[in-house]
Protein chains: 2
Amino acid sequence: MTIETPTRGTAASTTEVRLLPSFVRGAWWSPEPAARASATPVRDASTGEVISLVSSDGLDVQAAVDYARTVGQKSLGALTFHQRALVLKALGAYLTEHKAELYAVSTQTGATKRDSGVDVDGGIGVLFTYGSKGRRELPNSTIIVDGAPENLARDNSFGGQHVYTRVPGVAFQVNAFNFPVWGMLEKFAPAFLAGVPSIAKPATPTAYLTEACVRLMVSSGLLTSGSLQLISGSVRGFLDHLDLRDRVGFTGSASTARSLFEHANVISGGVGLTAETDSLNAAILGPDAAPGTPEFDAFVASVVTEITSKAGQKCTCIRRVIVPRGRVDDVIDAVAARITARTVVGDPRAEGVTMGPLASLEQRDEVWRSVEALLAGGGRIAFGSLETAQTVRSDGSVGVIPEGAFMAPIVLRFDDSDAPAVHTIEAFGPVCSVIGYDDIDDAVRLANLGGGSLVATIASIDPVAVATLFGGIAPFHGRVLVLDRDDARTSTGHGSPVPHLVHGGPGRAGGGEELGGIRAVKHFMQRTAVQGTPAVLTALTGEWRAGAPTIQAGAGAITGASAAEHPFRKPLSRLRLGDAVASAPREITLDDISHFAEFTGDTFYAHTNEEAAAANPFFPGRVAHGYLLLSWAAGLFVDPEPGPVLANYGLENLRFVTPVSPGDSVHVTLTVEQITPRENEEYGEVRWDAVLRNQRDEPVATYDVLTLVSKE
Amino acid sequence: MTIETPTRGTAASTTEVRLLPSFVRGAWWSPEPAARASATPVRDASTGEVISLVSSDGLDVQAAVDYARTVGQKSLGALTFHQRALVLKALGAYLTEHKAELYAVSTQTGATKRDSGVDVDGGIGVLFTYGSKGRRELPNSTIIVDGAPENLARDNSFGGQHVYTRVPGVAFQVNAFNFPVWGMLEKFAPAFLAGVPSIAKPATPTAYLTEACVRLMVSSGLLTSGSLQLISGSVRGFLDHLDLRDRVGFTGSASTARSLFEHANVISGGVGLTAETDSLNAAILGPDAAPGTPEFDAFVASVVTEITSKAGQKCTCIRRVIVPRGRVDDVIDAVAARITARTVVGDPRAEGVTMGPLASLEQRDEVWRSVEALLAGGGRIAFGSLETAQTVRSDGSVGVIPEGAFMAPIVLRFDDSDAPAVHTIEAFGPVCSVIGYDDIDDAVRLANLGGGSLVATIASIDPVAVATLFGGIAPFHGRVLVLDRDDARTSTGHGSPVPHLVHGGPGRAGGGEELGGIRAVKHFMQRTAVQGTPAVLTALTGEWRAGAPTIQAGAGAITGASAAEHPFRKPLSRLRLGDAVASAPREITLDDISHFAEFTGDTFYAHTNEEAAAANPFFPGRVAHGYLLLSWAAGLFVDPEPGPVLANYGLENLRFVTPVSPGDSVHVTLTVEQITPRENEEYGEVRWDAVLRNQRDEPVATYDVLTLVSKE
């Protein structure tokens, strides 16, 4: 079979077409008009009409990098995580208001309205998620403390702690053509939250949509100086400008990724590079999921959704449909029937069209070549064909549109499930291949022949099958979705990365990770172990560490005789790490314990039955309730009159260390451990280190008390 | 100046020297005797005597890799994290018992007793740390749940969670010559804990000490089959045998690291590679640390310790001494005086020797060449010389020992602090260079000219100087130690990686991370996002998720009328995730609140003063104490008679969500969330999900209750 590329309109008409601008060093920049001659024409995917010319000819990449490292770093450095998060939230709201403009442009890429939703709303969703997580999961400062402090000296005078600080360079982001908005935003948002300025470089075929989005973001006035630059056009050699201060995020082909990984500045220059590349994602039908089961139906629906949404141009698309050998025909028939019933290929501007063209004729030709290679590698076409598809024109009429990059879905089957072609050739369009497995171990083996994938689906309601399949394929996958009757309707879908979860996979998938909430923010930061005294660790982490100096109010709560001001009387503006109150002791009697048991109903034998309690391996006899101790501790440290402390909203890391017997007494120390002002609120959060001790000064209970405190 | 390498003894005497064996596929393996001709002779660093011949000629690396992937993976997969941790602990104890044997061998490498302590005891310490952290910080299972669950559906029927599962391959570990025991163990321990078998490949010059250690480990009978193999000799081309299942840990030169990073199986084959390479670590003297201050003294002591311990053959050694320009002479004088007073170079077998030879004559020649290059690059010798040093022989006499790799400490100074040589040439011996800075920003700039380092020391007691220096250099460093009067004595030292903290650094330092507690374990595991119903997430993570099925005992605690067996009556052996108890409601009156306030002393106005409480932004009026609610919840869910539940040892993640007013009632549900049997104990830990709700079923408080429960 010969593939002919239809002749295209000449570039004569391109003289009026605009040269797509870049946004660098705080301003819009366009190449000289002379660049038109060598610029790349970009066409409407459905009509072939040239809609823009793309060239970065004459653009000074080094100057853009320098601008990011200076102006961008400075403007972002002036904001805390919470402030940056609020910018992201506001950007999300701004783009939501203007999203109709983006949808209109998106149609030109061949995207249906639903496809545009995935790209545009998906991208906005990333902004909102980071806007929210940045405030809920990060401190209102500029460094992230990682993990617990480590005491390294017997006398507690020396310890260690890990912190993340932002890298002092630029996040250089090279994106693929298929998600011009989401792709840019999912890389931009975590970098921005980390405090690292971005240079976005979209793929040329759909760069005009990224440009439209960046134009809105710039118009919003919300971006801080230098925090986002856009390069429309080629950035060949950009790695020459980068060093260990910088991070590169790449989404695209494995071959381009390879050339980036081979660059000296990556190999030994310290440039951090994350790649997300080709992936032959599998969907595995469980042995239990026979035709007629909800899992079978959900599986078939998922396969059809994946290969038809964005015309299958998704790095997460299902490429390998791995099913019990005896069900290959059932699955092919059901997939074919569903495509036939639901898929209408055409110009997305036409009513009723459910699948648009590929992004360009070049892209379609590439997919055709891949299908030919799959056929040469042992595949047979089970549904569809390589004929130029009959498609719906924008006016609703049907015919062949040679200028449009249309292609109808194709389902292949391989009799030899081990055929290398099916596990290595990615046809980046509406194409998947069905192969059969013998048993669950075989299914695992086949899935893993993909050599590392972004995502796999397991469709099964059988817990043993799910556990075996998951255990076998997890190390080869960045994400695994378990589809069954109970989540078929609410699942976010095989092909949709969600900002909460990591996106990326090992091996062929590029070995990188993006998204995953705050995990991605850390990619733009360096983890450093800091060692020093508790005072130094307190100063450098923003979290008070036991052994660091305190400003102590003495025994105020009980006696009223306070040596210093009780910290409950200090608003956030005056409260400091190490502000503390130490209480007087209070003795606990058997009556107290009995009374507490009766009042609360907590008559657990350790508190009520001397003989039984003494038989317990941890107690010397009847002991005070842990909750009694907590409650009394509050009575000991609280300053009762109205003041800046508004509420105790929680408690963390409580450990009961030493039992308290009748006759023991307890006293408590409460120390300010962390102060987190909330943006746009009159109050903030204060975490207090609480230590309850007995009359021998042994720790009885240790915990963190969480309060809300007025700023003034 | 010409450097002459002393003539060595011929290899004639090597016929009786043993060929160093490897340990592969569960057995000791030695090359054929014919390999002696081409084997590398290894010499005692002090005497030049040939002590072993090293060759891997004929060793089947692929077979070793296959053995690890099959036998090693299987034996380790049969153990949980806690069981593996106990093996590490036992190995630590076994090596401690036999450490005299290792010290004896270590002397041959040129190590003094103190040097051997760093290597041998340091390595054993890694085993103990992972033995301890594995049980304290990991579940008693085989996967690690990473981060919080993410709900992804409005009706909670679909969510996501990250888990780490071990990679199904081998951890291939290439080590440097300077820490033959520690280097092997610090890579082995986290891989073993992860469940991934190791192949250790020590550097040839000191491979006999690693072999001695592995021999002890094998003799101990503690290692599971295939969990550790040793290759003595070259492993050229080993990356050809590895793929995305495998991980490589490399410590050594930047040039070798480069060749590894350039390998196709790393670039695009998915082999995970962590490198730790050359690093020109800085020590910065703060502007405040004038001569006579404790910081100045601690700084000088640290410089001398670093360049003399292990004869400066440490990747973490201080190479660049960065001090206020006006203090260069003071520092040089003080360092010189301390070396003169304390450093005795010689055969470590001799009494009074404090610094042994370098590892080999080749190594010394290499250091000499580097010093020459530093001199050519603008350095001047401020202390010491390149003359062959007078050294102490093992019998105590003093003279030149041409067969020994001795070298006396050298301190260089650079008038031009920006001289590229000082920031790029690592003389891997008892050598450092002193440069001056103008102000703190200049000090930061100079430190960062190292292009990424493993560690830096800041010596200062001035909080502003410390914060500025730390903020500036953190992104270029894997570890930063702040040295001052309060930790000078207890500090673990600039040059000592501790297993609790990450070891590694960006850029020139290799870009990798090792150690750091459980962080290193995760390097041998793949992070996968799993999506599914709460039931599926529960089954795959081993942690019960809200929405997953429960086995409910009804209102047992209060009414005694239990629909199913109360979960407090079930020992660990019968307890299952989702076992739950739901209580009857209990009404809260104003009297209850008043009484609780009086009994506990917690008279905070929100509980005692209607008007003041109503003025608080979060409360409708007087509300119940959070601790009252917790205490009553315990009264509602507890089953009081002696039984398998032994103690409530803590509580986590408590949030008070809705205030409770007089007249409201509360009820509680307690559900088994996680079960962690303890090895070698009669009990285990059970984490319970607790939700307290009001009469409108709104959540009032959510938290986790931690209990100890008998196994039977």
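The values are calculated or read from the model by the stated rules, or taken from the named source; none is laboratory data. Just so it is clear, the model here is predicted, and its values are computed rather than measured. Note that each Cβ is placed from the backbone with ideal geometry, even for glycine, and that neighbours are counted across all protein chains shown.
Counting just the residues of segment A:496-507 that are buried (at least 24 other Cβ atoms within 10 Å of the Cβ) and more than 7 Å from chain B (Cβ to nearest Cβ), which one comes out nearest to A:L127 (Cα to Cα)? Restricting to residues being buried (at least 24 other Cβ atoms within 10 Å of the Cβ) and more than 7 Å from chain B (Cβ to nearest Cβ), the top hit is A:P499.
Each residue in segment B:365-416 was checked for being on the phi > 0 side of the Ramachandran plot, over 37 Å from the mean Cα position of the chain (by Cα) and buried (at least 17 other Cβ atoms within 10 Å of the Cβ), and 1 pass. All conditions but one from (1) of a type in the set (S, T, N, Q); (2) within 7 Å of chain A (Cβ to nearest Cβ); (3) more than 21 Å from B:T676 (Cβ to Cβ) apply to B:N609; the one that does not is (2).
So, A:T424, is that one among the hydroxyl-bearing types (S, T, Y) and buried (at least 18 other Cβ atoms within 10 Å of the Cβ) or not? It is false that A:T424 is among the hydroxyl-bearing types (S, T, Y) and buried (at least 18 other Cβ atoms within 10 Å of the Cβ).
Given the criterion crowded, with 19+ Cβ neighbours inside 10 Å and more than 17 Å from A:I199 (Cβ to Cβ), identify the matching residue among A:E262, A:E276. Working first, answer last.
Numbers: A:E262 fails: crowded, with 19+ Cβ neighbours inside 10 Å.
Unique residue meeting the criteria: A:E276.
Would you mention how many residues in segment A:654-679 are within 19 Å of A:S710 (Cβ to Cβ), within 14 Å of chain B (Cβ to nearest Cβ) and of a type outside the set (K, R)?
Step one: filter segment A:654-679 for residues within 19 Å of A:S710 (Cβ to Cβ), giving A:670, A:672-679.
From what is left, the residues that are within 14 Å of chain B (Cβ to nearest Cβ) are A:670, A:678.
Adding the requirement that they be of a type outside the set (K, R) leaves A:670.
Counting residues in segment A:654-679 that are within 19 Å of A:S710 (Cβ to Cβ), within 14 Å of chain B (Cβ to nearest Cβ) and of a type outside the set (K, R) gives 1.
Of all residues in segment A:511-535, those satisfying the criterion of being more than 9 Å from chain B (Cβ to nearest Cβ) and in a loop (DSSP other than H, G, I, E, B) are A:G512, A:H523, A:F524. Checked against (1) closer than 28 Å to A:K570 by Cα; (2) more than 8 Å from every other protein chain (Cβ to nearest Cβ); (3) buried (at least 21 other Cβ atoms within 10 Å of the Cβ); (4) not hydrophobic (A, V, I, L, M, F, W, C), A:S631 passes all but a single condition, namely (2).
Is it the case that A:G505 is in the same structural domain as A:P357 (by TED's automatic domain parsing), at pLDDT 95 or above, under 19 Å from the mean Cα position of the chain (by Cα) and in a strand (DSSP E or B)?
On the way: in the same structural domain as A:P357 (by TED's automatic domain parsing): yes; at pLDDT 95 or above: yes; under 19 Å from the mean Cα position of the chain (by Cα): yes; in a strand (DSSP E or B): no.
In short, no.
Annotation note: of B:A212, B:A207, the sole residue that is part of a helix (DSSP H, G or I), more than 18 Å from the chain's Cα centre (by Cα), aliphatic (A, V, I, L, M) and surrounded by fewer than 24 Cβ atoms within 10 Å (Cβ to Cβ) is B:A212. Being under 27 Å from A:S132 (Cβ atoms) and not basic (K, R) holds for only one residue in A:G547, A:G472, A:G495, and it is A:G495. Of all the residues in segment B:40-67, those that are assigned to a helix (DSSP H, G or I), touching an Asp or Glu at 6+ places or on another chain (Cβ under 9 Å) and aliphatic (A, V, I, L, M) number 2.
Among the residues examined, B:N616 does not qualify as under 30 Å from B:S132 (Cα atoms) and either of a type in the set (F, W, Y) or within 9 Å of chain A (Cβ to nearest Cβ) (or both). In segment A:445-474, how many residues are crowded, with 22+ Cβ neighbours inside 10 Å and either outside any strand (DSSP E or B) or touching a helix residue (DSSP H, G or I) at 6+ places or on another chain (Cβ under 7 Å) (or both)? Total meeting the criteria: 17.
Condition check ((1) under 40 Å from the mean Cα position of the chain (by Cα); (2) assigned by TED's automatic domain parsing to the domain that holds B:L577) across all residues:
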site	(1), (2)
B:E611	no, no
B:F619	no, no
B:P662	no, yes
B:S665	no, yes
B:V672	yes, yes
B:N680	yes, yes
B:E685	yes, yes
B:R693	no, yes
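Among the conditions (1) surrounded by fewer than 24 Cβ atoms within 10 Å (Cβ to Cβ); (2) at pLDDT 95 or above, the only one that B:S360 does not satisfy is (2). No other residue among B:A561, B:A553 is crowded, with 24+ Cβ neighbours inside 10 Å, at pLDDT below 95 and either out of contact with any helix residue (DSSP H, G or I) (no Cβ under 8 Å at 6 or more places or on another chain) or outside any loop (DSSP other than H, G, I, E, B) (or both) apart from B:A553. For the residues B:V321, B:V304, the requirement of being more than 14 Å from chain A (Cβ to nearest Cβ), out of contact with any strand residue (DSSP E or B) (no Cβ under 8 Å at 6 or more places or on another chain) and not charged (D, E, K, R) singles out B:V304.
Look through segment B:674-700, keep the residues that are among the polar types (S, T, N, Q) and under 12 Å from B:T658 (Cβ atoms), and return whichever of them is surrounded by the most Cβ atoms within 10 Å (Cβ to Cβ). Lay out the reasoning, then the answer.
Let us first name the residues in segment B:674-700 that are among the polar types (S, T, N, Q), namely B:674, B:676, B:680, B:694-695.
Pick out the ones that are also under 12 Å from B:T658 (Cβ atoms) and you get B:694-695.
Numbers: B:N694: 21, B:Q695: 13.
Of everything passing the filter in segment B:674-700, B:N694 is surrounded by the most Cβ atoms within 10 Å (Cβ to Cβ).
Please go through segment B:587-602 and pick out each residue that is surrounded by 19 or more Cβ atoms within 10 Å (Cβ to Cβ) and either within 9 Å of chain A (Cβ to nearest Cβ) or among the charged types (D, E, K, R) (or both). B:F596, B:A597, B:T600, B:G601, B:D602, listed by residue number.
So which of A:D441, A:D418, A:D395 ends up being touching a residue at least 24 places away in the same chain (Cβ under 8 Å), within 25 Å of A:V482 (Cβ to Cβ) and acidic (D, E)? Steps first, please.
Numbers: A:D418 fails: within 25 Å of A:V482 (Cβ to Cβ); A:D395 fails: within 25 Å of A:V482 (Cβ to Cβ).
None of the others qualify; the one that does is A:D441.
Listed by first and then second residue, the pairs linking a residue in segment B:476-495 that is at the interface with chain A (Cβ under 7 Å from one of its Cβ atoms) to a residue that is in a strand (DSSP E or B) and basic (K, R), with Cβ atoms under 8 Å apart and 6 or more places separating them unless they lie on different chains, are B:G478/A:R527. Just one of (1) more than 27 Å from B:N140 (Cα to Cα); (2) in contact with a His (Cβ under 8 Å, 6 or more places away or on another chain) fails for B:D487. It is (2). The number of residues in segment A:141-159 that are over 13 Å from A:E543 (Cβ atoms) and either small (G, A, S) or in contact with a strand residue (DSSP E or B) (Cβ under 6 Å, 6 or more places away or on another chain) (or both) comes to 5.
Of B:R519, B:R485, B:R489, all but one fail to be of a type in the set (K, R), touching a Pro at 6+ places or on another chain (Cβ under 8 Å) and not assigned by TED's automatic domain parsing to the domain that holds B:D246; the exception is B:R485.
Of the helices (runs of 4 or more DSSP H) that lie entirely inside segment A:77-131, not one contains 1 or more residues that are aromatic (F, W, Y), touching a Pro at 6+ places or on another chain (Cβ under 8 Å) and surrounded by fewer than 21 Cβ atoms within 10 Å (Cβ to Cβ). Of the residues A:V271, A:V335, the single one that is modelled with pLDDT of 95 or more, β-branched (V, I, T) and under 30 Å from B:P506 (Cα atoms) is A:V271. Listed by position, the strands (runs of 3 or more DSSP E) enclosed by segment A:142-196 that each have at least 2 residues that are without any contact (Cβ under 8 Å) to a residue 40 or more places away in the chain, over 20 Å from A:S232 (Cα atoms) and small (G, A, S) are A:144-151.
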